[in-house]
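One structure is given here, and the rest of the page talks about it.
The values are calculated or read from the model by the stated rules, or taken from the named source; none is laboratory data. Fair warning: this is a prediction, and the values are worked out from it, not measured in the lab. Because the Cβ atoms are built from the backbone with ideal geometry, glycine has one as well, and the counts that use them run over all protein chains shown. Ligands, DNA and RNA are stripped out before the accessible areas are found, and what is left, the full protein with its side chains, is counted by its heavy atoms. Shrake-Rupley method; radii C 1.70, N 1.55, O 1.52, S 1.80 Å.
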Amino acid sequence: MPDRKYRFSWDLIGDIELGRPNLGPLMRIEVYRLMQFAFRDVLESHYGTAQTDALFYEAGKLAGTAFYNRFCSGITDLNEFVRTLQEILRELGIGIMRVESADEEKGSFVITMSEDLDCSGLPELDYEVCVYDEGFIAGLMEGFTGRKFKVKEVDCWCTGDRTCRFTAQAEEKA
Amino acid sequence: MNSELDQACALLRKTLTAKAPPGMHADLAAKAEFARLHEELLELRRFIMNIASGDLATSTSIKGYTAGILKTLQANLKHMTWQTQMIASGDFSQRLDFMGDFSKAFNAMTARLEASLQTIRKKEEKLNRINAGLRRQVERRKRAQAALTKSEAHYRNLTETMKDVVWILDTETLHFSYVSPSVERLRGFTPEEIMTQPLDAALTPSEAVRLKRTIEDNREKFLSGTLDSDTYLTSEIEQVHKDGSSVWTEAITRYVKNDKTGVVEVHGVTRDISERRTLRLELERQATTDSLTGIANRRHFLTTGQKEIDRCKRHGCTLSLLMLDIDHFKAVNDTFGHATGDRAIQAVAQTCCKEMRSTDLGARIGGEEFALLLVETDLNKACSVAERLLAQVEAIELFTENGRSVRFTTSIGVAECRPQTETLSDLMVRADQALYKAKNMGRNRFECFE
């Protein structure tokens, strides 16, 4: 699509300090979730569940890539990368990220996210809902490693778990 | 009904509490919902037991709050495992904030480990600096040692290959403390053999006495400050060779005080001068000897003769001079040729030598003129010698190449030295006057200067 209207750039986040001198950068989680689940509803009704999930994954990946470029660019050490991510994700209220296992050589990681922005506190739905997070983590990992990643949520608050668990696996090079 | 409920409760209770869960009764197993509940309980039990035993890789398909809490515990333990691995790899920034008191203990341990590691690292850095300093020091020493070794090698090569012998003698023990290997070429002895023997063994007996006295004198001078280390002394020494022969050497020495022991040492270089000495002696012999007769020449006679007169003056002994000249020698030369004349001169010289004692001095002082200085001989005794010489010369008969007989005579002037006033020159004048008198009175005779 040559003449796109909504191509993402970090500029679109805007000057929050200027724009919200009284309310500041914070808002209630409900508002975020209201928007996200409203999107899900509308998109699903238009494009179906699978396509909606795919769109959310893709959007998450775009966000993850932009996030990596904004906050983590230039980091080459895994520990420093994880530490930086933990601090920023916590500071921004996205979640408490932890690493269960990491095999950099094999490109195999297991990451958990507690108090996740997307799902913590949701009713049990018997299915995982953090597909946006999957894409987000994939974008981060690809930014750090330069390799394509497939990220899958295996435990989610919505399936009764208290912590979201993601497996991230680098894809075989083509 | 109550009994069935009791059975179900007992089964569930034992499933929760018993070490080994009991089997389910067929009646209860037939109830699908109960059987599912029982199966989920068993799986939850297995999941708990696996985590409790440390198997964090275990998983469960059970959903719901309780399983979720357990999974959170599993996730926490896995994250702690990862964090521990990170700490083990040196990342001390890892902190726990989700395990209550354990988090505090874990964080305190990590902080302590980090502090300890920093302390160790500081000590390690300090040690590294010290080690680097030591390495530099060792390197410097190695370089210095290498230079020293090289220098020693050069020195050893020099001392081992040079013909001269370098040595150090302890003036107290009169033993050599160092002798260079070249001594073996000079004297046949190894340095070890030389160093285990006293100085005497290196010298002829007379040289040993002389040198020991010299060394003692020089040592006294050195200690009293009248001889310093910058003064080099040269002397010729006759040394003993292992094969029993003697070797003439020249030693250049200086006296030095050993800084460590305080002992006065003689540092010397000795070289073989046998050939040089032989040549010098030959030159001296040639300079003092008449080439035709082999007896002393005029110059040697004048030098030595004066010394004999001086000695007589000192000791008050008598001394006489005979001046001898072949009669009509020109006629001998003219008649029989110069070769015959030379043979006549040689014959007279041999006659004189036969008559002389070892302490006397005989010389050819002119063409056919001889002088005999007879020590401890008064005029009467000298006259007797002259008389015998006249007879012996008269008895000489030479033959030319064609067999012609050659005979000749000699005239002799005799004078006794007046030791208190006279010089050799005066004595020779008087003896010469007596000789002319003998010539004038008919030759083949002797006359005394009264």
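Somewhere in region A:162-171, is a residue outside any strand (DSSP E or B) and at pLDDT below 95?
yes
Every residue, every condition in (1) facing chain B (nearest Cβ under 10 Å); (2) of a type in the set (A, V, I, L, M); (3) farther than 20 Å from B:Met80 by Cβ; (4) open to solvent by 10 Å² or more (accessible area, probe 1.4 Å), yes or no:
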position	(1), (2), (3), (4)
A:Gly64	no, no, yes, no
A:Cys72	no, no, yes, no
A:Thr76	no, no, yes, yes
A:Glu91	no, no, yes, yes
A:Gly95	no, no, no, no
A:Asp103	no, no, no, yes
A:Lys106	no, no, yes, yes
A:Cys119	no, no, yes, no
A:Pro123	no, no, yes, yes
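Do the conditions hold for B:Asp259, that is, is it touching a residue at least 60 places away in the same chain (Cβ under 8 Å), in the same structural domain as B:Glu193 (by TED's automatic domain parsing) and among the acidic types (Asp, Glu)?
no
Table: residues versus (1) in contact (Cβ under 8 Å) with a residue 24 or more places away in the chain; (2) closer than 22 Å to A:Lys152 by Cβ.
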{"site": "A:Asp3", "(1), (2)": "no, no"}
{"site": "A:Ile13", "(1), (2)": "no, no"}
{"site": "A:Ile29", "(1), (2)": "yes, no"}
{"site": "A:Ala38", "(1), (2)": "no, no"}
{"site": "A:Leu43", "(1), (2)": "no, yes"}
{"site": "A:Asp53", "(1), (2)": "yes, yes"}
{"site": "A:Tyr57", "(1), (2)": "yes, yes"}
{"site": "A:Glu80", "(1), (2)": "no, no"}
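Quick check on my filter: what residues within region B:336-387 are in a loop (DSSP other than H, G, I, E, B) and within 23 Å of B:Gly316 (Cβ to Cβ)?
Passing the criteria: B:Met356, B:Arg357, B:Ser358, B:Thr359, B:Asp360, B:Glu376, B:Thr377, B:Asp378.
Within the group A:Tyr127, A:Tyr132, which residue is among the hydroxyl-bearing types (Ser, Thr, Tyr), more than 14 Å from chain B (Cβ to nearest Cβ) and either open to solvent by 20 Å² or more (accessible area, probe 1.4 Å) or in a helix (DSSP H, G or I) (or both)?
A:Tyr132
Applying the selection to region A:45-62, what residues are loosely packed, with under 11 Cβ neighbours inside 10 Å and not aliphatic (A, V, I, L, M)?
A:Ser45, A:His46
Residues checked against (1) within 20 Å of A:Arg33 (Cα to Cα); (2) out of contact with any Ser or Thr (no Cβ under 8 Å at 6 or more places or on another chain); (3) free of Cβ contacts under 8 Å to residues at least 24 places away in the same chain:
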site: A:Gly121; (1), (2), (3): yes, yes, no
site: A:Arg147; (1), (2), (3): no, yes, no
site: A:Val151; (1), (2), (3): no, no, yes
site: A:Cys156; (1), (2), (3): yes, yes, no
site: A:Asp161; (1), (2), (3): yes, no, yes
site: A:Glu171; (1), (2), (3): no, yes, no
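Within the group B:Lys163, B:Lys122, B:Lys63, B:Lys104, which residue is away from chain A (no Cβ under 11 Å) and part of a loop (DSSP other than H, G, I, E, B)?
When all the criteria are applied, what remains is B:Lys163.
Enumerate the pairs (first residue in region B:287-303 and on the phi > 0 side of the Ramachandran plot; second residue anywhere and open to solvent by 30 Å² or more (accessible area, probe 1.4 Å) and not small (Gly, Ala, Ser)) with beta-carbon separation below 9 Å, excluding pairs fewer than 6 apart on the same chain, so at least 6 apart or on different chains.
Final answer for the pair search is B:Gly294/B:Gln346; B:Gly294/B:Gln350; B:Gly294/B:Cys353.
Kindly indicate whether B:Ile69 is within 10 Å of chain A (Cβ to nearest Cβ), of a type in the set (Val, Ile, Thr), open to solvent by 30 Å² or more (accessible area, probe 1.4 Å) and without any contact (Cβ under 8 Å) to a residue 24 or more places away in the chain.
Here the answer is yes, as B:Ile69 does meet what is asked.
Determine which single condition B:His25 fails, assuming it passes every other condition in (1) more than 9 Å from chain A (Cβ to nearest Cβ); (2) open to solvent by 60 Å² or more (accessible area, probe 1.4 Å); (3) within 30 Å of B:Glu114 (Cβ to Cβ).
Going through the list (1) more than 9 Å from chain A (Cβ to nearest Cβ); (2) open to solvent by 60 Å² or more (accessible area, probe 1.4 Å); (3) within 30 Å of B:Glu114 (Cβ to Cβ), B:His25 breaks only (3).
Of all the residues that make up region A:137-161, how many are more than 9 Å from chain B (Cβ to nearest Cβ), open to solvent by 40 Å² or more (accessible area, probe 1.4 Å) and part of a strand (DSSP E or B)?
2
In region A:1-44, what count of residues is obtained for those that are loosely packed, with under 10 Cβ neighbours inside 10 Å and part of a helix (DSSP H, G or I)?
7
Residues to consider are B:Glu139, B:Glu124; find the one that is without any contact (Cβ under 8 Å) to a residue 24 or more places away in the chain, of a type outside the set (S, T, N, Q) and under 30 Å from B:Arg95 (Cβ atoms).
B:Glu124
Pairs only if they're at least six apart or on different chains, beta carbon under 7 angstrom, first in region B:188-201 and outside the structural domain of B:Arg271 (by TED's automatic domain parsing), second surrounded by fewer than 15 Cβ atoms within 10 Å (Cβ to Cβ); list them, first residue then second.
Final answer for the pair search is none.
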